[in-house]
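Notes for the one structure printed next.
The values are calculated or read from the model by the stated rules, or taken from the named source; none is laboratory data. Because the structure is predicted, anything quoted here is derived from the model rather than measured. Reconstructed Cβ throughout: ideal geometry from the backbone, glycine too, with neighbour counts over all protein chains shown. These area figures cover heavy atoms from the full protein model, side chains too; ligands, DNA and RNA do not enter into them. Shrake-Rupley method; radii C 1.70, N 1.55, O 1.52, S 1.80 Å.
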Amino acid sequence: MIYQINPPEELIEEGRICLPPSKSMLNRALLLNALRGTEASESAPFCGEEGERSATLSDDVRVMSEALALLSRSAAAPCEINLGESGTALRFLTAYAACRPGIDVTLTGAEGLSRRPVGLLVDALRSCGASVEYLGREGYAPLRVKGAALRGGELRVDATVSSQFISALMMVAPLMSAPLTIVFDGEPASLPYIKMTAEMMRRRGVEVEMNPLSVAVTGGSYRPVAEKIEGDWSAAAFWYEVVALTAGWINLVNLPLPSDSIQGDAAAARFFEMLGVLTDPSEEEEGAISLSPSPEVFGRLDLDLNDYPDLAPPLTVTCCMLGVPFRFVGLKALGIKESDRLQALVEEMERIGCTLEKIRDFGLEWDGKRHPMITMPVFDPRGDHRLAMAFAPAATYIPGILVRDAECVSKSYPGYWDALRSLGFSVEEYRPAEAETENPEEEK
């Protein structure tokens with residue numbers, strides 16, 4: 001599906017956006033509950049009232065919940081689970097199935113999932129006694145996992161590729177026969193996500209010790225906890241982008257967005273302040289925040305985004321639209337997301353006259369210079385939800401832009417397009433055949 005997007009006709013003065021629950025927190029809560037022996041469905045109340053749940057849950061969370069429910073029902077018989085495009089589900093469920101004796105599951109998915117690496121996690125699990133078989137290309141899904149009693153010990157894992165490998169191992173560690181220590185080989189990518197995992201485990205009674213170069217799960221067992229899931233800071237970043245580009249006012253409500261959040265992407269508030277967006281507590285409800293415009297915009301941004309790679313797309317598009325030169329490093333992990341986001345940003349920003357330079361495989365740079373646009377931009381997010389949401393607000397400066405694969409946003413934010421419409425943006429399905437026929441009557 002292709003959407004054509006036009007900006008609001010009036011200033012956004014009292015925008016109100018209900019954010020989805022944090023995908024990262026909710027997926028961890030689902031897995032931790034399942035490891036405690038709780039039905040996966042019991043985790044659902046964390047994300048709001050029953051009537052709201054189906055509308056707010058992302059594809060990633062739905063896939064995780066349904067897969068855990070299926071595994072709990074079919075532990076004694078072989079089964080196959082299609083995980084779609086969810087790399088999170090692939091990594092977390094590989095570890096979960098590996099540590100549950102009796103499970104025999106084949107984990108498959110869409111074509112994009114077969115490009116998400118999982119080899120480092122499989123190697124680590126095998127060293128703990130896991131039975132994991134590749135059914136296709138070495139290091140990638142599909143996988144066949146047979147549950148077994150795993151032993152702990154000390155593992156050395158390349159932490160520069162994905163924090164999900166570390167988090168997956170941490171969460172299943174309490175079920176191992178001995179304490180587990182994971183030594184980081186290299187600076188961890190997205191370290192805040194590892195810290196989030198550690199904090200959520202501690203809240204459930206497990207002892208986790210974080211060190212600069214390692215993490216140790218030393219004891220304890222999971223206990224029940226009533227945990228309120230926060231709003232998704234990664235999703236909030238796209239509304240910061242909208243405020244930066246429209247100079248409007250938006251309240252982010254429904255779920256709390258604490259400044260001391262365990263989500264690393266809460267750094268969006270700090271980064272976007274450099275791009276003219278202020279963050280204040282909202283008067284609408286407790287925990288909500290208000291975003292407002294400021295004339296104070298930095299002349300250049302130099303940021304290390306190693307801990308916050310998901311913020312790179314909205315920051316990149318915002319800088320290009322505002323004409324703010326930048327240099328972003330720490331983005332090696334973007335090459336193995338739903339798409340190669342580094343290359344995608346280079347190619348798609350070229351459509352709007354901005355020639356970005358890749359800094360090898362770990363960064364992006366723009367000197368602020370532009371060249372004329374030749375045609376109306378048709379953005380291709382390559383099926384990547386975060387790219388599609390980052391490109392859409394560019395319509396503020398370039399009315400009529402097109403975004404392909406619009407439905408891909410359901411992976412993390414199913415209500416994104418409706419939320420954009422609620423602010424006055426025109427978001428309509430584009431039909432090329434109709435658009436090319438200027439006067440249908442002449443063809444009769």
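Please list, ordered by first then second residue, the pairs with beta carbon atoms under 9 Å, 6 or more apart or interchain, first in the range 126-142 and within 10 Å of Thr106 (Cα to Cα), second surrounded by fewer than 16 Cβ atoms within 10 Å (Cβ to Cβ) and among the polar types (S, T, N, Q).
Ala141/Ser114; Pro142/Ser114
Just to be sure before I move on: is Glu357 open to solvent by 30 Å² or more (accessible area, probe 1.4 Å), more than 15 Å from the chain's Cα centre (by Cα) and without any contact (Cβ under 8 Å) to a residue 12 or more places away in the chain in the structure I sent?
Numbers: open to solvent by 30 Å² or more (accessible area, probe 1.4 Å): yes; more than 15 Å from the chain's Cα centre (by Cα): yes; without any contact (Cβ under 8 Å) to a residue 12 or more places away in the chain: yes.
Yes.
Can you find, within the range 177-198, the residue that is surrounded by the most Cβ atoms within 10 Å (Cβ to Cβ) among those that are touching a strand residue (DSSP E or B) at 6+ places or on another chain (Cβ under 8 Å) and of a type outside the set (Val, Ile, Thr)?
Residue satisfying both the conditions and the ranking: Leu180.
Within the range 1-11, how many residues are open to solvent by 10 Å² or more (accessible area, probe 1.4 Å) and more than 29 Å from Leu90 (Cβ to Cβ)?
Pass one, the range 1-11, residues open to solvent by 10 Å² or more (accessible area, probe 1.4 Å): 1-4, 6-11.
From what is left, the residues that are more than 29 Å from Leu90 (Cβ to Cβ) are 4, 6-11.
Counting residues in the range 1-11 that are open to solvent by 10 Å² or more (accessible area, probe 1.4 Å) and more than 29 Å from Leu90 (Cβ to Cβ) gives 7.
Which residues, counting only those in the range 367-384, are within 30 Å of Gly87 (Cβ to Cβ), open to solvent by 30 Å² or more (accessible area, probe 1.4 Å) and either modelled with pLDDT of 95 or more or of a type in the set (A, V, I, L, M) (or both)? So that I can check it myself, show each step before the final result.
Quick first cut of the range 367-384, residues within 30 Å of Gly87 (Cβ to Cβ) only: 377-384.
Narrowing further to those that are open to solvent by 30 Å² or more (accessible area, probe 1.4 Å): 378, 380, 382-383.
Correct list: Val378, Asp380.
Check Leu364, Leu291, Leu387, Leu301 and return the single one that is within 22 Å of Lys411 (Cβ to Cβ) and either among the acidic types (Asp, Glu) or open to solvent by less than 10 Å² (accessible area, probe 1.4 Å) (or both). Even if it seems obvious, please write down each step before you answer.
Numbers: Leu364 fails: within 22 Å of Lys411 (Cβ to Cβ); Leu291 fails: within 22 Å of Lys411 (Cβ to Cβ); Leu301 fails: within 22 Å of Lys411 (Cβ to Cβ).
That would be Leu387, the only listed residue that is within 22 Å of Lys411 (Cβ to Cβ) and either among the acidic types (Asp, Glu) or open to solvent by less than 10 Å² (accessible area, probe 1.4 Å) (or both).
Name the pairs whose Cβ atoms lie under 6 Å apart, with the first residue in the range 295-316 and on the phi > 0 side of the Ramachandran plot, the second among the β-branched types (Val, Ile, Thr) and in a strand (DSSP E or B), and 6 or more positions between them or separate chains?
Sorted first by the residue in the range 295-316, then by its partner, the list stays empty.
Would you confirm whether or not the range 225-238 contains a residue that is part of a helix (DSSP H, G or I) and over 19 Å from the mean Cα position of the chain (by Cα)?
Residues of the range 225-238 that are part of a helix (DSSP H, G or I), as a first pass: 233-238.
Now narrow it down to the ones that are over 19 Å from the mean Cα position of the chain (by Cα): none.
Within the range 225-238, none of the residues are part of a helix (DSSP H, G or I) and over 19 Å from the mean Cα position of the chain (by Cα).
Scan the range 238-264 residue by residue and report those that are in contact (Cβ under 8 Å) with a residue 60 or more places away in the chain, touching a helix residue (DSSP H, G or I) at 6+ places or on another chain (Cβ under 7 Å) and more than 16 Å from Leu322 (Cβ to Cβ).
Answer for the range 238-264, where residues must be in contact (Cβ under 8 Å) with a residue 60 or more places away in the chain, touching a helix residue (DSSP H, G or I) at 6+ places or on another chain (Cβ under 7 Å) and more than 16 Å from Leu322 (Cβ to Cβ): Ile250, Leu252, Leu257, Ile262, Gln263, Gly264.
Does any residue of the range 90-103 turn out to be charged (D, E, K, R) and open to solvent by 10 Å² or more (accessible area, probe 1.4 Å)? Let's see the steps before the verdict.
Restricting attention to the range 90-103, the residues satisfying the condition of being charged (D, E, K, R) are 91, 100.
Imposing the further condition that a residue be open to solvent by 10 Å² or more (accessible area, probe 1.4 Å) reduces the set to 100.
Yes, some residue in the range 90-103 is charged (D, E, K, R) and open to solvent by 10 Å² or more (accessible area, probe 1.4 Å).
When you check Gly147 against the structure, is it open to solvent by less than 30 Å² (accessible area, probe 1.4 Å), small (Gly, Ala, Ser) and at positive phi, yes or no?
Numbers: open to solvent by less than 30 Å² (accessible area, probe 1.4 Å): yes; small (Gly, Ala, Ser): yes; at positive phi: no.
Spelling it out, it is not the case that Gly147 is open to solvent by less than 30 Å² (accessible area, probe 1.4 Å), small (Gly, Ala, Ser) and at positive phi.
Among Ala173, Ala159, Ala168, which is in contact with a Phe, Trp or Tyr (Cβ under 7 Å, 6 or more places away or on another chain), farther than 20 Å from Leu70 by Cβ and open to solvent by less than 10 Å² (accessible area, probe 1.4 Å)? Don't jump to the end; show me each part of the working.
Working: Ala173 fails: in contact with a Phe, Trp or Tyr (Cβ under 7 Å, 6 or more places away or on another chain); Ala168 fails: farther than 20 Å from Leu70 by Cβ.
Just a single option satisfies the conditions, and that option is Ala159.
Scanning for something under 22 Å from Glu66 (Cα atoms) and either modelled with pLDDT of 95 or more or hydrophobic (A, V, I, L, M, F, W, C) (or both), does the range 176-196 turn up at least one residue?
Of the range 176-196, the ones under 22 Å from Glu66 (Cα atoms) are none.
No, every residue in the range 176-196 fails to be under 22 Å from Glu66 (Cα atoms) and either modelled with pLDDT of 95 or more or hydrophobic (A, V, I, L, M, F, W, C) (or both).
Ala237: crowded, with 22+ Cβ neighbours inside 10 Å and within 30 Å of Asp158 (Cα to Cα), yes or no?
Working: crowded, with 22+ Cβ neighbours inside 10 Å: yes; within 30 Å of Asp158 (Cα to Cα): yes.
So Ala237 fits the description; yes.
If you take the residues of the range 261-306 that are of a type in the set (Asp, Glu) and under 19 Å from the mean Cα position of the chain (by Cα), which of them is farthest from Ala419 (Cα to Cα)?
Asp304
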